[in-house]
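Working notes for the structure below.
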Amino acid sequence: MKYTTKLLKVTTALTLSATLFTGVLQAPAHAKAASVSTIENIDESNQYIIQVKENVDVTKIIAKYGGKVQEELPFINGYIVLIPASKEEALKKESGLLKLTKNAKAESQGVQIGQDNLFGKKSVKANTHRSIINGMNIKETGKGVTVAVLDSGMNTPSTEKITTKHDVSINPESTTTFDYFGHGTHVAGIIKGNDTELGVAPASNIINVKLGNDQGGLSEVDLLLGLQWVFDNKDTYNIKVVNLSVSSTQEQSYLNSPISAAVEQLWHNGVTVVTAAGNSLTDTSNVNYPPANDPFIITVGALDGADKIFPSVTKVTEWSKNGKTPEGHQKPEIHAPGVDITSYVPEEALLQQKFPNSVTDKKYMTMSGTSMAAPVVTGAIALMLEANPNLTPDEIKYILKDSAADTLTQHGKTVDVKKAIGLVKNVKYMNDLKLDNYNKFEKSEYINTADNSLDYQKLAWRVHDLEWLKLAWRSVDWAKLAWRSYWEEIGTK
């Protein structure tokens, strides 16, 4: 199945169209697939990611081994290919090949997170996260600021709560940009929702980049293709912020992660990247998972702010990941409310079907996780950018931390968006802000320090499963999963 960035639904900033379209819109240039008359024992389980030397004809090489090219990844000079498993060792010896890695398949994994802090009891109470971050009595609404949400899609035909500026689907198994899983709509509602005291930046523009299939499954390839799409289209849609409530399940240094290289590329090119810290804390060394461990970007942990309105009485949850990476970088940099957040979930979504006791009026669901905390910060950044559109990613990160409010937890400071907005409007403060030596870390091994371009000769692929951070699962195959056995391992309130 060919990976092709698909335009499946188009919306304007003000009017949501129910008409579906299929085609290609500003997708990366694709390598021409090999013409192979017979392909030996080849299917999606034989998917690989390769890199070749400059001026090498990748189509010719793959055809030589009975395979085909699925997609080009120009962002990191790579290709997704299918080859018979029996030809893997021979292909590795090909003189024109630089790297070859087999794409990891998704698998289900039952997990225990916190004290059943995944799903709340259904509630009609207003959220308090905007109060905790001091975002209630401000005039900014995020107007004019475009945020890309890379997640499981948004809306369904019966529940179109999020007005999007543009919709795109990445995974070839996805049939639509709609969200039949539920996670992406919930996340987007925290940024843009306009009721239940929900959206932090209700007038912001949302780009829906659906990463996975219709059941929420995805791999690192999907995330990389999504990041590639954002990079290619950031100027077209004026994308200023990216929200990533997903993470690799493979522990590895940010220095040799292709995902880290990709988010650093966006950061160094003017796009602020916000990601969730993760939920399955075991100890303070359990934070070394891309992209959350990358020191350049903004990683967000979760506060327990349920039924509270002041940050001083909140604390970091027991399950929110926090600590130092092996390179000595403290993560996360900032926290936000992430417990019992009520947001939109489509009526047809798998999450709503499985957890009806967490659903109100067939359109709201109460969830907890760093996946919910990250979009609170993303929304706050949209407000800051409305107040001062010239902010750089480094300035945004610095000011968020400089204006942060204390909580009951050490290293648990949270956003004070009103104070942050005041600072970005303060001409003297901004003029005195000298960040020449701020946020300067060793870059990914695959980025040339001279021009921030990727060093394609060094890039070593490591393609692993991803997990939606609200549940910290590994890309569940919902069609095959025995619901009872899996969900009993997680538990609910």
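If the limit is 24 Å between Cα atoms, which of Lys53/Lys92; Lys321/Lys362; Lys143/Lys413 go over it? Write out the running numbers ahead of the final one.
Numbers: Lys53/Lys92 13 Å; Lys321/Lys362 31 Å; Lys143/Lys413 27 Å.
Check vs 24 Å cut-off fails for Lys321/Lys362; Lys143/Lys413.
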Given backbone amide H placed at 1.01 Å from N, residues whose amide H is under 5 Å from that of Gln70, ignoring those fewer than 5 places away on the same chain, are Ile80, Val81, Leu82
For 279-292, 349-362, 375-388, ranked highest to lowest by mean beta-carbon neighbours within 10 Å, the order is 375-388, 279-292, 349-362
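When Lys and Arg each count +1 and Asp and Glu each count -1, what net charge do the other residues less than 12 Å away from Lys139, Cβ to Cβ, add up to?
Values: positive: Lys143, Lys418, Lys425; negative: Glu140, Glu386.
Result for the neighbourhood of Lys139: +1.
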Once Lys and Arg are counted +1 and Asp and Glu -1 for all other residues with Cβ under 10 Å from that of Lys331, the total becomes 0
From the cross-link list Lys234/Lys315; Lys234/Lys397; Lys161/Lys425; Lys139/Lys165; Lys192/Lys363, the entries with a Cα-Cα span beyond 25 Å are Lys234/Lys315; Lys161/Lys425
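Every number here is computed from the coordinates shown, using simple stated rules; none is lab data. Please read all numbers here as calculations on a predicted model, not as lab measurements. Note: ideal-geometry Cβ built from the backbone for every residue, glycine included; neighbour counts use all protein chains shown.
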